[in-house]
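Peer 1: Please see the structure below; I have some questions.
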Amino acid sequence: MAYQEVNITDLQPGSYVVQVLQQTGDVIVKHAGWVRTTQAVDVLRQKGVRVLLIDPDKKLPVKTPPAPVPEAAATANEPPARSLFSTEWPKAEKVLQQTGKAQRQLLDAVRLEKAIDLSLIYEVSAGLSESVARNQDVLLCLTRIAEQSDVLLQHSISCAIYMAAFGRYLGLPPHKVQALITAALLHDIGKTTNSDYLNAADHVAIAASMAALQKTPHLAGEISLWISQHCAYLDGSGSPKISSKQIDKGSRMLAIVNHYENLTSPQPGKQGPLSASRQLLDLTPNQLDAELLQLFIKCIGVYPPGSVVKLSSGRLALVLENNPKKPVQPKVKVFYHSVHQHHIPAKMLDLARQQEEQIEGCVDLKKFGLDVRNYL
């Protein structure tokens, strides 16, 4: 069931609040979680909450007698334990399909100059965030092997997945991660209003995106800020031309994610992840945030899940799991010998635990007449 927008006067105890959409007052309530009692509803009302987004599929029975009044609004749930790759795979595929469907509806709405359904965006943002929390490597792998005919659609979804992993790696609270995912999904929305904007200058594309988003009620100001600044550079160049002190951390994160995806998207002529990381490092510290970029590379790996690499023995392997402590030594699955040009028995290797094999670099599996999706 889709998320529902409700007024504070209609909020029932036992509801799961996804996001606060409208609020007044000095104390800002941002955390997602359960509102278990009538007292908790009163606390939200007293703090100026007016409109909320709830998940009707998550409903708790009202406790009697009522629980003590919480200190603030609903609190975030404990993060789930890491799922096995094989267990998370079908769940992540479903999340990716739902995200693609929602993003297509979003792009169509903007093309037709209709309002954006933010509840739909918040729903897929939450799905991406939850999947990454269970096992980020699965979605990272899926986005590397994705083949979308719509380049803008693929770019926005890939940026959202990278942002979900990045935000969680930095230990940001769930509401902040979901906001960053939303910004990644919406950052190029203006390009869909006119085909000329696909290759337009940054300031033109940003202006188009901001104009489209102005028609959307309840969009958090920080999301608009990140989108408006994601092409700004720390040295004052880029668009808009502002000082580094004015560039928000979320904007810096979105800039890194946007640059990386533009360089590595599964389109003909794009770079491999290692080459892309080196090119981005060359942009620090003048244009991109050096510290955040280093953390981003550690988060997704020098060879992100879904990459096909050639080992020193000549064997080809699919990267399945990143190793944050040793980014150049991920877990891989060997399946083909590039020298003898034949398949070999599939076998998992943890490159951090053996010294016989090292990665020589990424390869394009299509040069061998093979499809990476056959080896998952």
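Peer 1: Using a cut-off of under 11 Å, list every residue of region 118-155 whose amide N is near the label point 7 Å from the Cα of residue 218 along the Cα-to-beta-carbon line.
Peer 2: Those under the cut-off are 118-123.
Peer 1: About the Cα centre of the chain, what is the dipole size in debye to 20, counting +1 per Lys and Arg Cβ and -1 per Asp and Glu Cβ, all else neutral?
Peer 2: The dipole of the chain has a size of about 580 debye.
Peer 1: May I pose another question? Please name whichever of 369, 190, 41 sits farthest to the positive end of the charge dipole of the chain, dipole taken about the Cα centre and charges placed at Cβ: Lys and Arg +1, Asp and Glu -1.
Peer 2: Comparing the listed Cα positions along the dipole, 369 ranks first.
Peer 1: Now for a separate question. When you count, for each residue, the other Cβ atoms within 10 Å and take the mean per peptide, how do 100-111, 295-306 rank with the highest first?
Peer 2: Listed from highest to lowest mean packing, they are 295-306, 100-111.
Peer 1: In nm, give the distance between the simple-model label positions of residue 342 and residue 281, each being 7 Å from the Cα along the Cα-to-Cβ direction.
Peer 2: 3.9 nm
Peer 1: Once the dipole of the chain is set up with Lys and Arg at +1 and Asp and Glu at -1 on Cβ about the Cα centre, which of 280, 21, 199 lies farthest towards its positive end?
Peer 2: Result: 280, furthest along the dipole toward the positive end.
Peer 1: Okay, moving on. What is the order of 163, 348, fewest Cβ neighbours within 10 Å to most?
Peer 2: In increasing order of surrounding Cβ atoms, one gets 348, 163.
Peer 1: Also, quick follow-up: Each residue of region 301-312 in order: what ³J(HN,Hα) in whole Hz does its phi give by Karplus 6.51 cos²θ - 1.76 cosθ + 1.60, θ = phi - 60°, with x for Gly and Pro?
Peer 2: x, 5, 10, x, x, x, 6, 9, 10, 9, 8, 4
Peer 1: Classify region 85-300 from the C-alpha gyration tensor, please: rounded if a/c falls under 1.5, else prolate or oblate depending on whether a/b exceeds b/c.
Peer 2: Because its axes are fairly even, with a/c under 1.5, region 85-300 counts as rounded.
Peer 1: For the residue pair residue 87 and residue 45, what label-to-label distance in nm results when each label sits 7 Å from Cα along the Cα-to-beta-carbon direction?
Peer 2: Taking the two extended label points, one gets 4.2 nm.
Peer 1: Another question, then. For the chain, state the semi-axes of the equivalent ellipsoid (square roots of 5 times the eigenvalues of the alpha-carbon gyration tensor), sorted largest first and rounded to whole angstrom.
Peer 2: Each semi-axis is √(5λ); the values are 37, 25, 19 Å.
Peer 1: On to the next question. Using the membrane-span-like helix rule (whole DSSP H runs, Cα extent along the own axis of at least 20 Å, mean Kyte-Doolittle hydropathy at least -1.0), which helices of the chain qualify?
Peer 2: Taking the DSSP H segments of the chain (at least 20 Å long, mean hydropathy at least -1.0), we get 85-111, 118-145, 151-169, 249-264.
Peer 1: Using a cut-off of under 15 Å, list every residue of region 339-376 whose amide N is near the label point 7 Å from the Cα of residue 263 along the Cα-to-beta-carbon line.
Peer 2: Residues passing the 15 Å test: 362.
Peer 1: Go through region 313-329 residue by residue and turn each phi into a ³J(HN,Hα) via Karplus (6.51, -1.76, 1.60, θ = phi - 60°); whole Hz please, and just put x for glycine and proline.
Peer 2: So the Karplus estimates, Gly and Pro as x, are 7, x, 6, 9, 9, 9, 6, 10, 9, 6, 10, x, 6, 9, x, 8, 10 Hz.
Peer 1: Give me the aspartates and glutamates in straight-line cross-link reach of residue 91: C-alpha distance below 18 Å, same-chain residues under 8 apart excluded.
Peer 2: Result set, ordered by chain and number: 57, 123, 130, 137, 321.
Peer 1: Further question: Under 26 Å from the Cα of residue 114, which lysines turn up, not counting those fewer than eight places away in the same chain?
Peer 2: Of all the lysines, those that pass the test against residue 114 - Cα under 26 Å, at least 8 places apart if same chain - are 101, 191, 215.
Peer 1: Can you list the lysines whose alpha carbon is less than 20 Å from that of residue 326, not counting same-chain residues fewer than 8 positions off?
Peer 2: By straight Cα distance, residue 326 reaches 298, 310.
Read-outs: derived from the displayed coordinates by stated rules, not from any lab. Given the structure is predicted, the values throughout are model-derived calculations rather than measurements. No Cβ is skipped: glycine too gets one built from the backbone with ideal geometry, and neighbour counts run over all protein chains shown.
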